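Here's the structure we're looking at; comments come further down.
Each value in this text was obtained by applying a stated rule to the coordinates, not by laboratory testing. From a predicted model like this one, the values you see are computed outputs, not experimental measurements. Heads up, the Cβs are rebuilt from the backbone with ideal geometry, glycines too, and the neighbour counts pull from every protein chain shown.
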Amino acid sequence: MSVSLDLHAPLAVLGHDVQVPLASGEKVGYAALDYAASAPALQRVWDDVAAYAPYYGSVHRGAGYLSQLSTDLFEQSRRTVAEFLDLREGDQVVFTRATTDSLNLLATAVPAGTRVFAFETEHHASLLPWAHAGLEVGYLRAPRSRAEAVAALEAALAAAPEGPKLLCVTGASNVTGELWPVAELTATAHRYGARVVLDAAQLAPHHRVSVRELDVDWIAFSGHKLYAPFGAGVLAGRSDWLDAAEPYLAGGGATRTVAREQDGSVAVQWHTGPARHEAGSPNVIGAYAIASACRALTEAGFDVLEARERRLVERLTAGLAEIPQVKVLNLFGEGSARVGVLSFVVRGWNSSHFSAALSAEYGIGVRDGLFCAHPLVRTLLGDEEVAPSECGAPEPSLPGERSLNAIRVSFGAGTPDEHVERFLTAVRELVTDGAAWNYRNEGGRCVADSRRGN
């Protein structure tokens with residue numbers, strides 16, 4: 001299937017022609033602007049999976065033709081991902097369920113006594129697994145520039161005691177979309193003998209990522225953000241810590257041999273390599289979908305995809321800048337380079353109410369909340385207060401905390417220009433004229449109730 005290289009054309013995705021109902025009863029084409037949560041599947045990926053589905057069989061388990069074909073497909077998918085990430089000789093690709101699963105897996109493989117460093121700006125998936133695994137964590141305050149991030153890491157590493165160290169850092173923020181100085185942070189970490197794992201969940205779908213060039217030790221990402229459904233993810237990188245660790249799951253596929261001892265116990269020899277952490281029947285369709293997405297994005301050309309996305313980001317930021325009531329959230333300042341992810345608040349509006357109106361009155365899907373990055377969003381919102389709403393403000397997550405939330409709009413390779421333009425028009429109209437409908441709280445959701453004036 002050919003992939004369009006037209007600079008102005010989005011890649012074909014499922015759902016591009018879906019019609020959704022508005023509060024008025026009319027239907028309109030759905031504007032999916034929540035890519036940062038889950039991107040729509042590329043049509044190419046769906047077609048590849050559909051072509052393989054009749055040949056689906058058990059992986060690493062059978063002598064039959066379909067089992068052999070599925071095994072070959074699964075292992076070829078591993079090689080495709082390795083090429084997509086530009087891995088080094090000796091690096092390995094482990095298929096997981098998602099970025100969260102990948103980072104939790106790595107947390108169980110980190111040697112005892114390792115001190116982990118993470119900025120408080122991380123997504124919970126890269127902020128929380130380390131302490132959960134019993135590791136000592138040094139949380140670094142939110143930097144307000146890329147240079148400050150590098151300096152803060154260097155200071156923390158210089159003051160750290162001897163012993164193994166690991167930095168976990170995002171490539172692109174899931175809240176602001178801002179690009180982090182991964183190469184500079186990695187170089188700093190390596191000077192102090194620390195290893196680096198890159199959370200590329202928001203970076204890999206938007207930018208070419210070379211593990212070799214960035215020199216990170218591991219990388220993690222999710223298929224469902226890379227235009228590939230079916231619940232698979234990737235942890236890729238150095239093999240030593242992974243091969244030395246206890247298997248992430250105990251079970252079939254991870255074992256080389258299992259024998260009953262004379263004393264009644266069971267002796268196990270575990271595999272090394274990816275199989276060590278892939279116990280159970282693997283998600284071959286999920287792995288193949290990721291590989292298909294990797295091929296599609298590579299063939300489309302990241303230079304082309306990045307140029308088109310930069311144009312849409314510039315249009316979005318310029319359009320929002322014209323609306324005084326809108327405050328865009330930035331960590332590194334206005335004009336900082338970002339992928340197609342942007343969060344904001346509208347003064348005088350509750351973000352949940354505003355997001356509901358975008359959906360009910362314009363057919364636009366965005367996200368509101370704290371985006372599984374609570375410390376970062378609280379830092380970015382500062383003294384901003386959640387406006388009252390007929391839907392009710394969100395409850396604080398902890399006693400004594402202020403009620404906060406924001407709106408996130410996100411897009412990617414499958415987003416038409418029209419969706420960005422419709423979003424900007426909707427924001428202007430809601431700010432200027434207000435919502436056309438009354439809203440109520442229904443099971444924690446803000447939903448349209450009745451047209452105003454009726």
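Data overview
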quantity: Cα point-scatterer Debye curve for the chain, base-10 log of I(q)/I(0) at q = 0.11 Å⁻¹; calculated: -0.92
quantity: Ordering of 52-65, 108-121 by packing [mean C-beta count within 10 Å, highest first]; calculated: 108-121, 52-65
quantity: Inter-label distance for Ala63 and Phe302, nm, one decimal - labels placed 7 Å from Cα along Cα-to-Cβ; calculated: 4.4
quantity: Under Karplus coefficients 6.51, -1.76 and 1.60, residue-wise ³J(HN,Hα) of the range 237-247 in Hz, glycine/proline x; calculated: x, 4, 9, 4, 5, 5, 6, 7, 7, 5, x
quantity: 15 Å beta-carbon shell around Gly29, net charge (K/R +1, D/E -1); calculated: -4
quantity: Relative contact order (%) - the range 46-299, alpha-carbon pairs under 8 angstrom, separation at least six; calculated: 24
quantity: Local net charge near Phe230, Cβ-Cβ under 15 Å (Lys/Arg +1, Asp/Glu -1); calculated: 0
quantity: Other-chain or far-sequence residues with amide H under 5 Å of Gly253's (modelled H); calculated: Gly280
quantity: The range 404-454 and the range 259-319: distance between their alpha carbon centers, rounded to Å; calculated: 34
quantity: Partnerless cysteines, meaning none of the other Cys C-beta atoms lie under 4.7 Å away, in the chain; calculated: Cys168, Cys294, Cys372
quantity: R0 of 30 Å, Cβ-Cβ distance Asp72-Arg256: FRET efficiency to nearest 0.05; calculated: 0.90
quantity: Centre separation in Å (Cα based) which lies between the range 148-182 and the range 342-358; calculated: 31
quantity: ³J(HN,Hα), Karplus 6.51/-1.76/1.60, whole Hz, each residue of the range 106-112, x for Gly, Pro; calculated: 4, 4, 6, 9, 5, x, 4
quantity: Under the Karplus curve 6.51 cos²θ - 1.76 cosθ + 1.60, θ = phi - 60°, whole-Hz ³J(HN,Hα) for the range 429-436, x wherever Gly or Pro sits; calculated: 5, 5, 5, 7, 9, x, 6, 7
quantity: Peptides 236-242, 86-92 ordered by average Cβ neighbours within 10 Å, highest first; calculated: 236-242, 86-92
quantity: Interchain or long-range residues, amide H under 5 Å from Gly233's placed H; calculated: Thr96, Arg97, Ala98, Gly223
quantity: P(r) histogram, all alpha-carbon pairs of the range 293-336 included - 5 Å bins from 0, percent; calculated: 5, 18, 19, 19, 13, 11, 10, 4, 1
quantity: Burial order of peptide ranges 287-295, 434-442 (average beta-carbon count within 10 Å, highest first); calculated: 287-295, 434-442
quantity: Cα gyration tensor, the range 46-299 - rounded (a/c under 1.5), prolate or oblate; calculated: oblate
quantity: Distant-in-sequence amide H partners of Val137 (H built 1.01 Å from N, under 5 Å); calculated: Val116
quantity: Within the range 46-299, percent of DSSP bridges classed antiparallel, to nearest 5; calculated: 45
